[in-house]
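Step one of this worksheet: look at the structure below.
The values are calculated or read from the model by the stated rules, or taken from the named source; none is laboratory data. Because the structure is predicted, anything quoted here is derived from the model rather than measured. When we count neighbours, we look across all protein chains shown, and the Cβ atoms used for this are built from the backbone with ideal geometry, even at glycine. All accessible areas refer to the heavy atoms of the entire protein, side chains included, with ligands and DNA or RNA removed. Shrake-Rupley method; radii C 1.70, N 1.55, O 1.52, S 1.80 Å.
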Amino acid sequence: MRKFAAVFVLLFVASLSLSADIYVKSKSHTDPMTVMGQTTPATDTVQEQWIGDDVFAQVSADQSMIFNLKKNMVSIVNHKAKNYVETTLPIDMAKLLPPEAAAFAGMMKMSATVAEGSETKKIGQWNCKLYTMTMSMMGQNITTKIWASTDVGFDTAAFNAKFMGNLVKGGGRMLDERSLKEFAKIKGYQIATETSGEIMGAKMLSTTEVVEISKKNAPAGVYAPPSGYTKTTSLGMDAFRK
């Protein structure tokens, strides 16, 4: 009887582990920058990502993005305004832009190239490889050094195909087909990034780094817009800027 009870407990614990989702915590920093006389102060933020079988949520204090592949839907949540928009996948960001931003976004045609490097290094507990992405927009180049790892404890190829692929396709109106295919060169999960360049003459520098990857039971409601938030038809300007 005791042996049966012990086996039952082990099976129960194993089932909890199998049902747990992947939790990722990262920290981001952006230097201050001034564009057309308007200064944006330096920002430091913390992001959490929850990865389930067919659901994915990226959560910060200001905004969340929630993918539900079973419903073929994505929700973008503005926590400050307590509202959200929903759209089908793949994302067509042009349909979600506020009217005052639509004309400007129409001029933002971008191209991207990704170069796989030979350099490797360990960041935290993850063995990473360097990729360099260059994005050209309005005659200016923005470079992102990406340290990605397949050594993270979950299927990064499946994650990239399911969720990152849909996210990248959201820029389809601004990126050509060749550029969209460039992102597929990045193998693994992005552990650290450094983005630098100029936007309208203003220098920018932004970094992100993952500080935790673990298996946890996702909190209730993380894969849906919060109860009481208002559904809207387009992103507000604040959410668009972010």
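So is Ala158 at pLDDT 75 or above, open to solvent by 30 Å² or more (accessible area, probe 1.4 Å) and assigned to a helix (DSSP H, G or I) or not? The answer is yes for Ala158. Of the set (1) modelled with pLDDT under 50; (2) open to solvent by less than 90 Å² (accessible area, probe 1.4 Å); (3) not polar (S, T, N, Q), all apply to Phe4 but (2).
Looking only at region 74-91, which residues are farther than 17 Å from Ala224 by Cβ and either in contact with a Pro (Cβ under 8 Å, 6 or more places away or on another chain) or open to solvent by less than 30 Å² (accessible area, probe 1.4 Å) (or both)? Scanning region 74-91 gives a single hit, Ile91. Restricting attention to region 204-238, the residues being surrounded by 12 or more Cβ atoms within 10 Å (Cβ to Cβ), in a strand (DSSP E or B) and out of contact with any Lys or Arg (no Cβ under 9 Å at 6 or more places or on another chain) number 4. Going by the conditions given, is Ala81 assigned to a strand (DSSP E or B) and in contact (Cβ under 8 Å) with a residue 24 or more places away in the chain? No; evaluated as a whole, the condition is false for this residue.
State which residue is modelled with the lowest pLDDT when the search covers only region 34-58 and only residues that are hydrophobic (A, V, I, L, M, F, W, C), surrounded by fewer than 19 Cβ atoms within 10 Å (Cβ to Cβ) and part of a strand (DSSP E or B). Per the criteria, the residue is Val35.
Taking the stated definitions as given, is Lys109 over 22 Å from Thr45 (Cβ atoms), open to solvent by 80 Å² or more (accessible area, probe 1.4 Å) and at pLDDT below 95? So that I can check it myself, show each step before the final result.
On the way: over 22 Å from Thr45 (Cβ atoms): yes; open to solvent by 80 Å² or more (accessible area, probe 1.4 Å): yes; at pLDDT below 95: yes.
Yes; evaluated as a whole, the condition is true for this residue.
In contact with a helix residue (DSSP H, G or I) (Cβ under 7 Å, 6 or more places away or on another chain) and not polar (S, T, N, Q): does that describe Phe159? Answer is no for this residue.
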